[in-house]
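The values are calculated or read from the model by the stated rules, or taken from the named source; none is laboratory data. No experiment lies behind these values; they were computed from the predicted model shown. Using ideal geometry, Cβ is built from the backbone for each residue, glycine included, and neighbour counts are taken over all protein chains shown.
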Amino acid sequence: MVEQSKAYLTLTLDLKNPVEIEDFAKAFAGIAGMFDDYLRQEHPSLRGEANLYVKEVRHGSIVADLVPSIPDMIGYMDNVLIVLGFGSLFSKRIRGFIAGTWMDKPTKSQLNHVTDALTAIATDTSGNAKLETIIFREDGEERELVTTFTAQEARVAVQTIEDQKRSLDAKEGFDEPLVLLVFERPARSVTSVGRKTGEQAIIEKITAKPLPVVYASELAQKSIKQAFQEDNVFRQGFVVDVNVERKNDKPLAYRIMNLHQIIDLPEDD
């Protein structure tokens, strides 16, 4: 049980402003959700059997001990490995989003858990947060820093998550699957997903007029930009799924959702 745990986590929030109770609660609920996601992936037999509890919250900076309740049948080493494994995952998730890197094939609930875990620090003006693991060894307590991040970094991470969530929303459906897109005005530079690119392309099935291009998929953008480097883009066609942005039923822009194939276009007679 909680009192018998040989390893646990400590979350420290050094905030400059008072924190709303809702945001404070979200931080712990988000971490607990990430812990459950970790068990689902790495220790599925323990999902529903192990939980994360807030054992104590101390004054000054907000310092909370997060203690996993793991069944007695799990040995000491497994208890420690679970705590260390989750700490490593937490750091990878947070640092990745801060760097602008998306999660690989996440669910919306997984993204929401990370957002909730960051809410209290992301809404602060200039605070910081850190997560540590504490392990009880035979020769005493061993404390190790898992990760630390600032309020500004948390806001960057939340923005990255929101960009990925918008991409997931867009991928839930598309207007035109498997259409041939030809670039009229390509660009080699890479832009953020969901942002204007300055590029224009034609999908003759929809309209002969070149329309602005927006990438809703980071993978599709990388593959298309790589193709620009390797061949003459004006001799290439891109088989894509797109959402068509419209106003009064008039097409205004293409959102590229998926890239299926790159083909060589026939030369003009």
State which residue is nearest to residue 160 (Cα to Cα) when the search covers only the range 184-204 and only residues that are in contact with a helix residue (DSSP H, G or I) (Cβ under 9 Å, 6 or more places away or on another chain) and of a type in the set (Gly, Ala, Ser).
192
Filter result (touching a Lys or Arg at 6+ places or on another chain (Cβ under 7 Å) and within 20 Å of residue 197 (Cα to Cα)) within the range 230-269
242, 243, 245, 252, 257
Which number in (1) surrounded by fewer than 19 Cβ atoms within 10 Å (Cβ to Cβ); (2) modelled with pLDDT under 95; (3) touching a Gly at 6+ places or on another chain (Cβ under 7 Å) marks the one condition that residue 195 misses?
(3)
Which residue pairs have Cβ atoms closer than 8 Å, lie 6 or more positions apart in sequence or on different chains, and pair a first residue in the range 211-223 that is under 14 Å from residue 241 (Cα atoms) with a second residue that is among the charged types (D, E, K, R) and surrounded by 20 or more Cβ atoms within 10 Å (Cβ to Cβ)?
213/199; 214/255; 215/255; 216/255
Would you check which residues across the range 203-249 are under 28 Å from residue 105 (Cα atoms) and either outside the structural domain of residue 187 (by TED's automatic domain parsing) or basic (Lys, Arg) (or both) and list them?
222, 225
Please work out if residue 166 is of a type outside the set (Gly, Ala, Ser), over 30 Å from residue 83 (Cβ atoms) and in contact (Cβ under 8 Å) with a residue 12 or more places away in the chain.
yes
Could you please tell me which pairs satisfy a Cβ distance under 6 Å, a separation of 6+ or placement on different chains, a first residue in the range 224-252 that is on the phi > 0 side of the Ramachandran plot, and a second residue that is exposed (fewer than 12 other Cβ atoms within 10 Å of the Cβ)?
none
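Here is a yes/no grid of residues against (1) under 10 Å from the mean Cα position of the chain (by Cα); (2) over 17 Å from residue 11 (Cα atoms):
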residue	(1), (2)
79	no, yes
100	yes, yes
107	yes, yes
143	no, no
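With respect to residue 226, determine if the residue is assigned to a strand (DSSP E or B), of a type outside the set (Gly, Ala, Ser) and loosely packed, with under 15 Cβ neighbours inside 10 Å.
Working: assigned to a strand (DSSP E or B): no; of a type outside the set (Gly, Ala, Ser): yes; loosely packed, with under 15 Cβ neighbours inside 10 Å: yes.
Spelling it out, it is not the case that residue 226 is assigned to a strand (DSSP E or B), of a type outside the set (Gly, Ala, Ser) and loosely packed, with under 15 Cβ neighbours inside 10 Å.
Could you please give the count of residues in the range 139-164 that are outside any helix (DSSP H, G or I) and either touching a Cys at 6+ places or on another chain (Cβ under 8 Å) or under 15 Å from residue 92 (Cβ atoms) (or both)? It would help to see each step written out before you state the result.
Keep residues of the range 139-164 that are outside any helix (DSSP H, G or I), which gives 139-150.
Right, trim to either touching a Cys at 6+ places or on another chain (Cβ under 8 Å) or under 15 Å from residue 92 (Cβ atoms) (or both) and you get 145-149.
Residues flagged as outside any helix (DSSP H, G or I) and either touching a Cys at 6+ places or on another chain (Cβ under 8 Å) or under 15 Å from residue 92 (Cβ atoms) (or both) within the range 139-164 amount to 5.
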For the range 111-129, does any single residue satisfy the condition of being surrounded by fewer than 21 Cβ atoms within 10 Å (Cβ to Cβ), assigned to a strand (DSSP E or B) and outside the structural domain of residue 192 (by TED's automatic domain parsing)?
yes
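Of everything in the range 162-192 that's aliphatic (A, V, I, L, M) and modelled with pLDDT of 90 or more, which residue is surrounded by the most Cβ atoms within 10 Å (Cβ to Cβ)?
Quick first cut of the range 162-192, residues aliphatic (A, V, I, L, M) only: 168, 170, 178-182, 187, 190.
Going one step further and asking which of them are modelled with pLDDT of 90 or more, we end up with 178-182.
Values: 178: 13, 179: 19, 180: 15, 181: 24, 182: 17.
Result: 181.
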Flag for residue 246 being loosely packed, with under 15 Cβ neighbours inside 10 Å and of a type in the set (D, E, K, R)
yes
